[in-house]
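Written below as structure tokens is the structure these notes are about.
The values are calculated or read from the model by the stated rules, or taken from the named source; none is laboratory data. Values in this document were obtained by computation on a predicted structure and should not be read as measured data. Cβ sites come from the backbone with ideal geometry, for glycine too, and all protein chains shown count toward neighbours. Accessible surface areas use protein heavy atoms only, side chains included; no ligands, DNA or RNA. Shrake-Rupley method; radii C 1.70, N 1.55, O 1.52, S 1.80 Å.
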Amino acid sequence: MTKILVIEDEEIVRANILEILASGEFEAIGAENGRIGIEIAENEIPDLVICDITMPEIDGYGVLEQLRQNPATATIPFIFLTARADRTDFRTGMNLGADDYLTKPFRRQELLTCITARLKKQAAYEQRSKRELQQVEAQLNYSLYYDHLTKLPNQLLLRERFGQNLKQSGPGASHSIMLVDLDRFDEIVEALGHKRRDLLVQEVASRLTVAVNARDTLARLQTHKFAIILSSRDSSKLEAIAQQILKLLNRPFQSDGDEVCLAASIGIATTVGDGDDLDGTIKNAQIALSRAKQLGGNQYQMYSPELQRVSIDKLALESSLRYALERGELLLQYQPQVGLSDGRISSAEALIRWRHPRRGMVSPLEFIPIAEANGAIVPIGEWVLQTACAQVQQWRAAGLPPLRVAVNISARQFQQSNLTDRLVAILNNTGVPPELLELELTESTLVQNVAEAKQRLQEWKDLGLKISLDDFGTGYSSLSYLRQFPFDILKIDRSFVHDVNSDPKNAALTKTIISMAESLNLKVVAEGVETEAELAFLYRHGCGAIQGYLFSRPISADDLAQMLCSDKRLSLVIGHL
Ligand code: C2E
Ligand code: MG
Ligand code: MG
């Protein structure tokens, strides 16, 4: 029942109003002065207050003022009742927040109409406030559970949905988590700027939505990382989805008239046991994702315990790599290259080794990628250059014939902006003439930023350094494309040289590479020559030099010095070719 409080000091008037209200089916409460009126209003929270203005103790204005100050009573509709019909009184009341004004004497109908109108208005107001509150709540929920850029669920909602899925599918059911992370996205963003990045991320989100079933949850976790909950553990189904995602993302994106090519790495893991461990499953999917990245990206990997072991190993290696340099655990070996015209050692490639205190020798194939990823390659690379140059100088000082040393430069090291300055400083400090230092680069290093790479290689060339293209044939670029870089030497990758006699495809490729290199005026070195048959083939087809176990494995600087002293040659072997 609607509760109305009547504050009126004149008893007759009060009784009269109370009676009218009671007959109008309101619950009416009377108060004989302002103080009592406020007390009742605060305790009972009536739906409406009718209040006289002129009263002893606290007058009507005072009552209204106090009620408006208290949040619990602030919005109760308030009607003034007075014999005074002065315009100023009216204004004062309205300014204090009164809703209406009734002048005594009033008729019964007048009072009831006024009350009904006020209550109606109040109901409409309450309705609106409720709607607004619901909207604010919905907005709050939205920003709590959804990513504003892509409108996809966020991590929190992913968590909730995972819980819901578990409840719905019952015990024993398993689910899978697929993590999708865009490859090299930071580099791409650097070139595009942030506004275009956001548009790109939105487009990625909508392509991912296409690949995902309506039952599955696709969420955005970080700038370029998405997660999908899939209610399946069937690996062929999961793989099909991953393949479709890769395909969708490989289609070029349009960005302000530019074509942008994206790729992603995907890690997939399935819940184990009771299947309620979201964090564990995400962690496993992350291990699989890291593996996919390590293998070059643009691919998916399914989690397996074996992967976990590899990743723990890698972690341990990574932390000990940080100290390897300071602890003097790194060393260089040198593998001679021999010219096929005279069988003599023409140069040597410096190859790094890590003598790990517990594991023994760790292959550069294992730790160089880690050093690349965590940045340790920069100080390590500098150490290699410094050590190799110092070694050249030492051989020269010992009176040995001048020997050029080739040093491998990794991609991250190549991006180092002051690399040329460092090279000059090292040459100056050690006193090595530039032509005795050769720098080996791979295609993938150069194609990351062609214009910059060209400029840098030209600087090196101008300094008098020798430049070689390492592992040729393992990348995707054609030799004519690579012609734009000023190389001196081309090293044919071991995989082509291997079995060159029994594998006609390798034989044809090696032959073509040798003749093309010749036409480009490049010296050719064949890597990984292990057998006399391989050597014979290379010799026959005009390869300039070889490097491989057949002549020598990588050896210590002292052993190489001895080899030079004794003038070890390949001539014996060439003799009966
Ligand atoms: P790479 O530059 O292509 O070096 C040649 C690799 O082939 C060396 O492996 C060498 O030991 C191996 N090899 C030479 N002859 C033969 C052969 O007849 N048969 C076989 N099976 N292998 C042969 P290594 O020393 O394990 O180095 C592997 C890779 O690690 C190198 O490939 C190079 O990319 C990288 N690396 C080595 N040292 C450094 C370094 O100081 N800095 C950087 N950035 N990378 C390095
Ligand atoms: Mg090399
Ligand atoms: Mg190589």
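General remarks:
- Residue match in region 122-144 (condition: modelled with pLDDT under 90, open to solvent by less than 40 Å² (accessible area, probe 1.4 Å), acidic (Asp, Glu) and assigned to a helix (DSSP H, G or I)): no
- Neighbours by Cβ (under 8 Å, 6+ apart or cross-chain): first from region 440-462, of a type in the set (Val, Ile, Thr); second away from ligand 1 (no atom under 15 Å from the Cβ) and modelled with pLDDT of 85 or more: Thr445/Ala453; Val447/Ala453; Val450/Gln484
- Counting only strands (runs of 3 or more DSSP E) that fall entirely inside region 192-285 and contain at least 3 residues that are in contact (Cβ under 8 Å) with a residue 12 or more places away in the chain, the qualifying elements are 217-222, 225-230, 264-270.
- For region 451-471, filtering for residues that are touching a helix residue (DSSP H, G or I) at 6+ places or on another chain (Cβ under 6 Å) and away from ligand 2 (no atom under 16 Å from the Cβ) leaves 4.
- The requirement of being among the basic types (Lys, Arg) and more than 16 Å from ligand 1 (Cβ to nearest atom) is fulfilled nowhere in region 399-409; no residue meets it.
- Some residue of region 418-436 being modelled with pLDDT of 95 or more, in contact with an Asp or Glu (Cβ under 7 Å, 6 or more places away or on another chain) and surrounded by fewer than 21 Cβ atoms within 10 Å (Cβ to Cβ): yes
- Just one of the listed residues (Arg233, Arg215) is open to solvent by 60 Å² or more (accessible area, probe 1.4 Å) and within 14 Å of Ala285 (Cβ to Cβ), and it is Arg233.
Conditions (1) on the phi > 0 side of the Ramachandran plot; (2) away from ligand 3 (no atom under 16 Å from the Cβ); (3) surrounded by fewer than 19 Cβ atoms within 10 Å (Cβ to Cβ), marked per residue:
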| position | (1), (2), (3) |
| --- | --- |
| Pro305 | no, yes, yes |
| Ser319 | no, yes, yes |
| Gly328 | yes, yes, yes |
| Gly339 | no, yes, yes |
| Ile352 | no, no, no |
| Gly360 | yes, yes, yes |
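- Considering each residue of region 496-518 in turn, none proves to be closer than 15 Å to Leu441 by Cα, within 13 Å of ligand 1 (Cβ to nearest atom) and in contact (Cβ under 8 Å) with a residue 40 or more places away in the chain.
- Sole exception among (1) over 11 Å from Leu179 (Cα atoms); (2) outside any helix (DSSP H, G or I) for Tyr300, by number: (1)
- Subset of region 40-67 [in a helix (DSSP H, G or I) and either open to solvent by less than 40 Å² (accessible area, probe 1.4 Å) or touching a strand residue (DSSP E or B) at 6+ places or on another chain (Cβ under 8 Å) (or both)]: Ile40, Ala41, Glu44, Gly60, Tyr61, Gly62, Val63, Leu64, Leu67
- The number of residues in region 339-352 being out of contact with any Pro (no Cβ under 7 Å at 6 or more places or on another chain) and more than 16 Å from ligand 2 (Cβ to nearest atom) comes to 6.
- Some residue of region 306-318 being in contact with a strand residue (DSSP E or B) (Cβ under 8 Å, 6 or more places away or on another chain) and closer than 30 Å to Gln244 by Cα: yes
- Any helices (runs of 4 or more DSSP H) falling wholly within region 308-424 and containing at least 1 residues that are farther than 30 Å from Thr270 by Cα and over 32 Å from the mean Cα position of the chain (by Cα): 377-397
- Pairs are defined by a Cβ separation below 7 Å, a sequence spacing of at least 6 or placement on different chains, a first member in region 48-61 that is in the same structural domain as Lys104 (by TED's automatic domain parsing), and a second member that is open to solvent by 40 Å² or more (accessible area, probe 1.4 Å) and part of a loop (DSSP other than H, G, I, E, B); the pairs so defined are Asp52/Asp9; Ile53/Asp59; Ile53/Arg84; Met55/Asp9; Pro56/Asp9; Tyr61/Leu96.
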